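Below you'll find the structure, written out as structure tokens, and then a few comments.
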Amino acid sequence: MKNRLLRCAIALNLLLTGCVYKTDLYQGNIVSNESVDQLQPGMSREQVLALLGSPLIVDSFHTNRWDYYSYSKVGKTRKESTSHIIIIFEEDRLKTIKRSLQKQAIDS
């Protein structure tokens, strides 16, 4: 009787572990590619702010640089994605846009 109960408990545990729902995780500045594509050299800080939102990091030592970081873990496969966008201003006008995007799948 105990052996049968133990087998049922193990089988039930194995069935239920596959049914765990994992929520999507988003952190940082979620900036769309369409928004970044709309950026043009010479735009004011206010125009960049309207398109991308507030930067995650404003360095007090480098006031002409804004950094937008984002991290996401999405779906049942738990695919991980990170991006980093650097905005450089010169005389309060957009000068340079640098992008890096990394995607990789991880096992969890």
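The values are calculated or read from the model by the stated rules, or taken from the named source; none is laboratory data. This structure is a prediction, so every number in the text was calculated from the model and none was measured. Cβ: placed from backbone, ideal geometry, glycine included. Neighbour counts: every protein chain shown.
Checking each residue of the range 64-71 against the condition of being touching a strand residue (DSSP E or B) at 6+ places or on another chain (Cβ under 8 Å), part of a loop (DSSP other than H, G, I, E, B) and modelled with pLDDT under 90 gives no match. Considering 43, 1, the condition of being at pLDDT 85 or above, of a type outside the set (Ser, Thr, Tyr) and over 30 Å from residue 79 (Cα atoms) is satisfied by 43 alone.
Residues in the range 11-54 that are surrounded by fewer than 10 Cβ atoms within 10 Å (Cβ to Cβ) and among the hydrophobic types (A, V, I, L, M, F, W, C): 14, 15, 16, 19, 20. Only one entry of 100, 60 meets the criterion of being outside any strand (DSSP E or B), over 17 Å from residue 40 (Cα atoms) and modelled with pLDDT of 80 or more, and that entry is 60.
Residue count for the range 1-54, restricted to those that are assigned to a loop (DSSP other than H, G, I, E, B) and more than 17 Å from residue 94 (Cβ to Cβ): 10.
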